[in-house]
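Q: Pasting a structure below so you can have a look.
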Amino acid sequence: MPESIFRRLTRRMFAKKLPLTNPVEAYGAAGEEMIYRKLRESFDCVIRNVIIPNGEGYLEKDFLVVQDGVPLVLEVKCWKGMISASATGDRFFQDKADGTHKDLHSPVRTTARFLAAMKKFYHLSERPLGMVVFADPDCDLDLPPEMEGVSLVSGGQMVSAIRSAIKNAANRSEPFDPARALRCTRLYASGGRSFCKGTVTDAAIPCFTPSGEAATLNPLYIRYISLDHQPLRLRDKMTVTFVNDTSAVFYNNSATLTLLCLDGSAMRIALSRLDTVVF
C-alpha cells in the first residue's frame, strides 16, 4: 500500500470524533429540530443557534426569526409535566406525572439577558422580541403569558404567537438585517443522535471537487453539510447547501473543523466522523 494511502487511512482511523452526548441534551436537540421544521415552514428567515459575544465567551439562544425586519429570539424547552414559576420568576418548577419534582433555572432570565446583550451588541434602539417555547406536547403551563417582557407559549401556540408579536411590532423604527446575525455551529454524528456545538473558527474548509481540483469552503456562506462516507475510497462525499439555497458536491479526505465550545475550550473534530454539520 502506498505511503500516502497509509497516512490517509491512519488519519481517518484515529481522527477525533464527537464526545459522548448527554441523553437529556440529545432529547432536547430532537425537540429543537421539530421546532426548526415548523419555523422554516412558517417564516422567511430562521437562524438557529444565534450567539452574542459576552466577555471572553458568548451567550446563545436556539433560534432567531426575522420577519418584516423584526427580530424575535426563541429559547426552546422540552420539559414534560406541569411547569410553574416562583413569584419572583427566578426559578421554574417541573412536576411530572410520576411525582418527580425539579427546581430549574429560569429560561426567562437567560432570554432577557440575551435580548439586552443583543440590543447593545447590534446598537439597536429597541430590545428584540423574546419568546420561550415549551415544545413537548406532554406539557401543561401554569404560567402567565409574559414575564419580564418575554412571551411564554406552548409548541402549538408558537407560530400564531410569533405572527401576532411581529405584527404588533411592525412599526419599529429600524429593520434588522439577518446577515448581521452571529450563529453557532452544530456537529451531528451517529445518525444525528449525538452532537456538540460551538463557533467554527476556521476561515476555510479544505476539500476537492468531483473533478479532483483543490477547493476551499468559507463557513460563513454555508447553511449545512451532509456527509456520505465512502470508506473503500477513503473519502467522504460532502453535499453542501449554501446560504442562498444552492447546493454543490465536494469531497473530503482528512479535513477537520476547529470548534470553539461554549465553555471556552477548543477542539478539532474530523469531518470523517460526522454525519451533518448545521451552520
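Q: Could you please find all residues in segment 111-142 being part of a strand (DSSP E or B) and either surrounded by fewer than 16 Cβ atoms within 10 Å (Cβ to Cβ) or not aliphatic (A, V, I, L, M) (or both)?
A: G130, F134, C139, D140
Q: For residues that are hydrophobic (A, V, I, L, M, F, W, C) and within 27 Å of I51 (Cα to Cα), scanning just segment 76-102, find the one that is nearest to the chain's Cα centre (by Cα).
A: Within segment 76-102, the match that is nearest to the chain's Cα centre (by Cα) is V76.
Q: Something else now. With crowded, with 16+ Cβ neighbours inside 10 Å and more than 28 Å from T199 (Cβ to Cβ) as the only criterion, which of L152, L74 stands out?
A: On inspection, the qualifying residue turns out to be L152.
Q: Can you pull out the residues in segment 48-76 that are charged (D, E, K, R) and at pLDDT 95 or above?
A: E75
Q: What number of residues within segment 29-77 satisfy the criterion of being assigned to a strand (DSSP E or B) and farther than 29 Å from N171 by Cβ?
A: 7
Q: Looking only at segment 47-56, count how many residues are farther than 14 Å from V76 by Cα and out of contact with any Cys (no Cβ under 9 Å at 6 or more places or on another chain).
A: Qualifying residue count for the region: 5.
Q: If I filter segment 167-179 for residues that are crowded, with 16+ Cβ neighbours inside 10 Å, part of a strand (DSSP E or B) and touching a residue at least 40 places away in the same chain (Cβ under 8 Å), do I get at least one hit?
A: no
Q: How about segment 207-262: which of its residues are without any contact (Cβ under 8 Å) to a residue 60 or more places away in the chain, part of a loop (DSSP other than H, G, I, E, B) and either in contact with a Lys or Arg (Cβ under 9 Å, 6 or more places away or on another chain) or surrounded by fewer than 18 Cβ atoms within 10 Å (Cβ to Cβ) (or both)?
A: Residues satisfying the conditions are T209, P210, S211, G212, E213, N218, V243, N244, D245, T246.
Q: Which condition number in (1) at pLDDT 90 or above; (2) within 19 Å of Y224 (Cβ to Cβ); (3) small (G, A, S) is the one that S42 fails?
A: Going through the list (1) at pLDDT 90 or above; (2) within 19 Å of Y224 (Cβ to Cβ); (3) small (G, A, S), S42 breaks only (2).
Q: If you take the residues in segment 197-206 that are under 20 Å from the mean Cα position of the chain (by Cα) and small (G, A, S), which one is surrounded by the fewest Cβ atoms within 10 Å (Cβ to Cβ)?
A: Only one residue tops the list, namely A203.
Q: Just a yes or no: is a residue in segment 147-159 closer than 23 Å to M34 by Cα, acidic (D, E) and outside any helix (DSSP H, G or I)?
A: No, that holds for no residue.
Q: Quick one: would you say H105 is loosely packed, with under 15 Cβ neighbours inside 10 Å and within 21 Å of the chain's Cα centre (by Cα)?
A: yes
Q: Considering each residue of segment 255-268, count those that are more than 24 Å from I52 (Cβ to Cβ) and not charged (D, E, K, R), and give that number.
A: The number of residues fulfilling the criteria is 2.
Q: In addition: Consider only pairs whose beta carbons are under 6 Å apart and that are at least six residues apart or on different chains; among these, list those whose first residue lies in segment 31-46 and is within 17 Å of V70 (Cβ to Cβ) and whose second residue is modelled with pLDDT under 90 and in a strand (DSSP E or B).
A: none
Q: Of (1) farther than 30 Å from I269 by Cα; (2) at pLDDT 90 or above, R172 satisfies all except one. Which?
A: (2)
The values are calculated or read from the model by the stated rules, or taken from the named source; none is laboratory data. Everything numeric in this text was worked out from a predicted model, so none of it was measured. Glycine also receives a Cβ, built like all others from the backbone with ideal geometry; neighbour counts cover every protein chain displayed.
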